[in-house]
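Report on the structure given below.
No value in this document is a laboratory result; all are computed from the given coordinates. Keep in mind it's a predicted model, so treat the numbers as computed, not measured. All Cβ positions, even for glycine, are placed from backbone atoms using ideal geometry, and neighbour counts span all protein chains on display.
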Amino acid sequence: MREYKSGNIRAGIIMKEAKELKVIKCQGTDNEIGQQFGEACREDFHRTVESVYTNMQQHYQISKEQIIADINKFLPLIEKFDSQVVEFIKGIAEGAHIGFEEAMMIRVAHMLMYYTDQISGLCTSFSATGRAVRDGKTLIGQNLDWYETVPVALLWVKRADGIEQLCLSNGGSLEFGLNSAGIGICCNETLQTQNAYYKLNLPEGCYLPKVMRQQNIGNALGILCQAARGMEYYNLASSEGDIIGFESTFDDYNVIQPEKDMLVHSNHYLTEKFKKGDLAGQNDPDSYIRIQRIRRLMELNYGQLTPELMMKILADHNNYPESICRHVNKTKPHHSLTQASVIMVPAEGTMFIARGNPCKNEFVEYKLKNMLYE
């Protein structure tokens, strides 16, 4: 392996600590899984509901009744697309002791925050396979950058159809991660000019559960092609060695092929036809620096990439504090930082997670296998 030097750590030598995430174990039907999730994170769900209400009222002077009426417009779309996620949301409402409309509101929270100009510093993701990795096993991961007050949880799910999942949950709004069919998924927000199309589209928190249930990467990509429009980039990887990227606008999408067995992404569009309406330059300009940095570090170590090496790359501090390992920039109105750093090995059913900034916190290994008994 080549010698690796991370970016400058301004605070000097940092003694890392291992912070294990509490694993929320859910199994059964969609409704039962939702109930168990809602019960385990009841306080977090109540805080999220209150936060969304407060933000919408402060920025748009919209009443709770108006917010709920607007959210209910999504319900026919969701029911037609995936009745299973509706049962999941009903279960969350029952377990968390909140209304169904409020549970729905949490699932569309990212979309609501986008339209109240509440987006802060966002994520950096990667995948690598084939000749790029040392032992031939596909890697996929990201730094999850979001508000420091939003709770992050780890779910282990065993579905009635036998599929198992390990998912990071971002405030209960969406879950991404790894399933027992060897499919891994990461996501980044992309920013674009606002228009009316968003009202016609499914929220990401309502189609990602269906993506995570798929048995192969082709079907998972097919769900994204069918349903994903708007603000998300997705990085998909499989235990069979496939990696693929997916960018979308409110009325179009593009599938991105890897270059030299690698994919990297941050928060601006790579697809040429989508660049005209890209808002990253004014809202998140460090996106252009982060993607360049992670690409260069991975290219310097081409053929030698391992989970341990990616742990160091995800802790990089070039362009601090708005670096790959993001720290709070107190000059910005919305404080964002790396809440979790995640590396997945689909072929092994393994996730390595650093809870908080990876420069300060050790990665802890979580395995799908036998998680129920741990």
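Quick look at the values:
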{"read-out": "Max mean-square fluctuation residue, GNM over the chain, Cα-Cα springs under 10 Å, options E164, E259, E204", "value": "E259"}
{"read-out": "Sequence-separation-based contact order of the chain, relative, with Cα cut under 8 Å and 6+ spacing, percent", "value": "21"}
{"read-out": "Q84-R42 FRET efficiency (beta carbon distance; Förster radius 22 Å; 0.05 resolution)", "value": "0.45"}
{"read-out": "Span-rule helices in the chain, defined as complete DSSP H runs reaching 18 Å or more along the axis (Cα) with Kyte mean at least 0.0", "value": "83-96"}
{"read-out": "Gain on full stretching of the segment that runs from N219 to T149 - 0.36 nm per residue minus C-alpha separation", "value": "21.7 nm"}
{"read-out": "Under the Karplus curve 6.51 cos²θ - 1.76 cosθ + 1.60, θ = phi - 60°, whole-Hz ³J(HN,Hα) for the stretch 150-166, x wherever Gly or Pro sits", "value": "7, x, 10, 10, 10, 9, 9, 10, 10, 7, 4, 7, x, 5, 10, 9, 10"}
{"read-out": "Greater than 26 Å apart at Cα, pairs in K312/K367; K90/K367; K64/K90; K19/K369", "value": "K90/K367"}
{"read-out": "Size of electric dipole in the chain: Cβ of Lys, Arg +1 and of Asp, Glu -1, about Cα centre, debye, nearest 20", "value": "880"}
{"read-out": "Full-extension gain in nm, V328 to E272, via 0.36 nm per residue minus C-alpha separation", "value": "17.0 nm"}
{"read-out": "Contact order relative to length of the stretch 280-374, as percent, for alpha carbon pairs under 8 angstrom and 6 or more apart", "value": "17"}
{"read-out": "Rg(Cα)/(2.2 N^0.38 Å) for the stretch 147-196, N = residue count", "value": "1.44"}
{"read-out": "Stokes-Einstein translational diffusion, the stretch 247-374 - Kirkwood Rh over all Cα pairs, 1.567 mPa s, 4 °C, in µm²/s", "value": "78"}
{"read-out": "Loop-located trypsin sites (Lys or Arg not before Pro) in the stretch 234-314 whose Cβ has at most 15 other Cβ within 10 Å (DSSP)", "value": "K260"}
{"read-out": "Length-normalised contact order of the stretch 28-114 in % [C-alpha pairs under 8 Å, at least 6 apart]", "value": "52"}
{"read-out": "Square roots of five times the Cα gyration tensor eigenvalues for the stretch 185-331, Å", "value": "25, 22, 13"}
{"read-out": "Normalised per residue, the volume of the convex hull around the Cα set of the chain (Å³)", "value": "126"}
{"read-out": "Estimated [θ] at 222 nm from DSSP helical runs (n ≥ 4, -39500 (n - 2.57)) normalised by residues in the chain, nearest 500", "value": "-9000 deg cm²/dmol"}
